[in-house]
Every structure is written in C-alpha cells, then in structure tokens.
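The values are calculated or read from the model by the stated rules, or taken from the named source; none is laboratory data. In this text, all values refer to a predicted model and were calculated from it rather than measured experimentally. Quick reminder, even Gly has a Cβ in these numbers, built from the backbone with ideal geometry, and neighbours come from all protein chains shown.
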Amino acid sequence: MKHLKTVSHYFGFDFFPQEVSPPPPKALPRPIPPATFMLPLHVIEPPVVQTASTFLRTWRISGAAMCAALRNAGIETSDWAAASFNADTFECFFEQSGKREKDQLPSSIFVIVRGDATGTINNMRVKIINPETDENGQLDPAILRIFEIMLRQPQWLDFHETLNAIKNLKDIKEDGFGASIGFTREVLNPGNYNFTLSLDATSGPQKSTRNYFSGRRWLPLPDPAVEIDSAQPQSVSETPHTEAPAESQEHRH
C-alpha cells in the first residue's frame, strides 16, 4: 500500500485523498432578551364609575346664527340681545296672533331661542295654539317651516321621526347624548302644542364630559387668522423718486 501511494504520487495521481474534516458548526447567536413594557395603571385597573364619561353633543350653531336662520326663512324674530329681566340671558323671539273665532282661542305662534352672552344656546321653545291644518289634519307648511329650521340647523341627523310627528301633530319625545326634543299636546287644552329642544348634561358621565371640555378649564385657542396676518411682513413703502437738482449755470464748465 505504501509503494502504491508512492507510485501514484510520482505519476500525479491521488488514489487515496486525505479526508478533510468539516469545520465545527458556528455558534448560534444569543437570543434577544424579551422586551419589557410598563403599562400605566389606568389601562389594567377597572374603570371608576365616578370618573367615567360619555359622548355629549354640542351646539354647532350660535344663538345669533339660529335667529338669523329663522329670519332668512321668513320668521321675523327679534335680534339676539340681552333679556330685559336678566342681562346674563340672551334671546330672540317671534310672536304672531290671529283673529279670535267664536268659542275658540285665536291661533297664535310663539318662538323663543334662549342662551347666554357667549352665544351658546340653552334651549329653543315653540308654542302654537289652534294651528291651521290641511284636509288631512297635517300642520300648515308655513308653521312647519319653523320646526324644520330648528331641527336642521344644529346638524343632529339622528332625530328622523321628530319632524314627521310634528307634521301630523303627534306627541313625540326623543333623547340622545344630552339633547332632548319634545313635542306634546296639552291635556287640558287640546289645541295647544309645545315644542322644546334643549341640550343639557343630566347624567354623571355627561357632566364629566361637559366639565372636562369646559372653556373655563382651558385657555381659548388663538385666532388663526390673526396669527397669519401678524406673520406676514409689512410692505416697505417705496420712497418717491426725487429728481436730481438742476445744475446751476455757474457750475458748468
């Protein structure tokens, strides 16, 4: 065997190649330690009933704008101004009375929008007495227009059945997220109808939401229009072009 290996190497053959051992396996990287997260206590603690909140509506129109919308629709309300009995209460109103007929009270309409000096509406009320109706017993469109404006301007689109009930002079009451709408016939005076639209936090969670977003807790946001105007550089006034003084005849050469 030894001579065979010598002869094979002499003639350039390698019948018996040396076995090459494979390299040792590479060590695996150490696993990354698990990340730790610190959760705030309010995430894992059960909610406290006293601090719970809920959705609460807000007026998306001011009292002055509501009164203007009524006037644009032909209901000639007064201007939005302080009430005579309380300077902190602002209001506008409209009143119209018809002629008295025999044993019936005259038909009349009374509309009032009431709020505060900031323009925030507190409530809107309408009282109609012996309103005119058509042959189907439906409310006169001229009167129904008042309720259309009052229900459309706040942009609360989930009170779908209210206007249809008012049109047919049916009692209805709807509540949702602090808003309360009611249209009812008086029991002792069947020809009298009362409409109320108000927004108030009645439950504990609603009061928590109202207090948290109250303007008394936070500074008012700056007016972006004022900031833009102040950021713009003032235009530099150009000095009027002055002509060079005429050369005196004495200085000419």
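Filter the stretch 55-72 for residues that are loosely packed, with under 14 Cβ neighbours inside 10 Å and closer than 23 Å to P141 by Cα and give the result. Passing the criteria: only N72.
Against the conditions (1) of a type outside the set (D, E, K, R); (2) at pLDDT 90 or above; (3) within 17 Å of T120 (Cβ to Cβ); (4) surrounded by fewer than 14 Cβ atoms within 10 Å (Cβ to Cβ), P141 satisfies every one except (3).
Among the residues making up the stretch 41-71, a single one is more than 20 Å from L197 (Cβ to Cβ), under 25 Å from the mean Cα position of the chain (by Cα) and outside any loop (DSSP other than H, G, I, E, B): T51. Filtered by the rule that a residue be in contact (Cβ under 8 Å) with a residue 12 or more places away in the chain and either touching an Asp or Glu at 6+ places or on another chain (Cβ under 7 Å) or assigned to a loop (DSSP other than H, G, I, E, B) (or both), the stretch 123-142 gives N130, P131, E132, T133, G137, Q138.
Does T58 fit the bill of being of a type outside the set (D, E, K, R) and within 22 Å of H160 (Cα to Cα)? So that I can check it myself, show each step before the final result.
On the way: of a type outside the set (D, E, K, R): yes; within 22 Å of H160 (Cα to Cα): yes.
When the stated conditions are applied, T58 passes them.
Here are some residues: T118, T77. Which one is farther than 18 Å from Y193 by Cα, part of a loop (DSSP other than H, G, I, E, B), in contact with a helix residue (DSSP H, G or I) (Cβ under 6 Å, 6 or more places away or on another chain) and not small (G, A, S)? So the residue among T118, T77 that is farther than 18 Å from Y193 by Cα, part of a loop (DSSP other than H, G, I, E, B), in contact with a helix residue (DSSP H, G or I) (Cβ under 6 Å, 6 or more places away or on another chain) and not small (G, A, S) is T77.
So if I check each of A83, A87, which one is farther than 27 Å from Q206 by Cβ and either surrounded by 19 or more Cβ atoms within 10 Å (Cβ to Cβ) or modelled with pLDDT under 95 (or both)? Please lay out each step first, then the result.
Values: A83 fails: farther than 27 Å from Q206 by Cβ.
That would be A87, the only listed residue that is farther than 27 Å from Q206 by Cβ and either surrounded by 19 or more Cβ atoms within 10 Å (Cβ to Cβ) or modelled with pLDDT under 95 (or both).
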